[in-house]
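Worksheet: one structure, shown below.
The values are calculated or read from the model by the stated rules, or taken from the named source; none is laboratory data. As the structure is a computational prediction, the values presented were derived from the model and not from experiment. Because the Cβ atoms are built from the backbone with ideal geometry, glycine has one as well, and the counts that use them run over all protein chains shown. Ligands, DNA and RNA are stripped out before the accessible areas are found, and what is left, the full protein with its side chains, is counted by its heavy atoms. Shrake-Rupley method; radii C 1.70, N 1.55, O 1.52, S 1.80 Å.
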Amino acid sequence: MQELIEFAIVAHRSPVYEEACQLRDEMLRKPLGLSLFDEDLDAESGFIHIAARDHSGTLQAYLQLKPIDAKALKMQQVI
């Protein structure tokens, strides 16, 4: 049986967003000797944040879409 993964758009600074920031820091920044929390995360307030959780509520994936212009988005921070 396949496990159900639920994707949802989450609000900037919501608890799920904050949880995703922790995961982003662990997976993407720390291996490079950096910290996500050294950045101004308020700049992400206009981005689209998408999180995926499994049936138990565990965060399994995250990505954000940054608006580039009226017709384009940049996919980034994919984990």
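Before moving on, here are some points about what is shown:
- Where trypsin sites (Lys or Arg not before Pro) fall in DSSP loop in the range 6-71, at most 15 other Cβ within 10 Å: Arg13, Lys71
- Per residue, the solvent-accessible area of the chain (1.4 Å probe, heavy atoms of protein chains only, all protein chains present) comes to 68 Å².
- Evaluated over the Cα positions of the chain, the convex hull gives a direction-averaged projected area, one quarter of its surface, of 6.2 nm².
- Residues of the range 1-36 with amide N under 14 Å of a point placed 7 Å along Cα→Cβ from Asp42: 13
- Rel. contact order, % - alpha carbon contacts under 8 angstrom, at least six apart, the chain: 31
- Placing a label point 7 Å from the Cα of Arg29 along the Cα-to-Cβ line, the residues of the range 39-69 whose backbone N sits under 13 Å from it are 39-44.
- The magnitude of the dipole of the chain, with charges of +1 and -1 set on the Cβ of Lys/Arg and Asp/Glu and taken from the Cα centre, is near 260 debye.
- Partner aspartates and glutamates whose Cα lies under 13 Å from the Cα of Lys74, excluding those fewer than 8 positions away in the same chain, are identified as Glu44.
- Simple spin-label estimate for Leu4 and Asp54 in nanometres, 7 Å along Cα-Cβ: 1.5
- GluC sites (Glu not before Pro) within the chain, DSSP loop, no more than 10 other Cβ atoms inside 10 Å: Glu3
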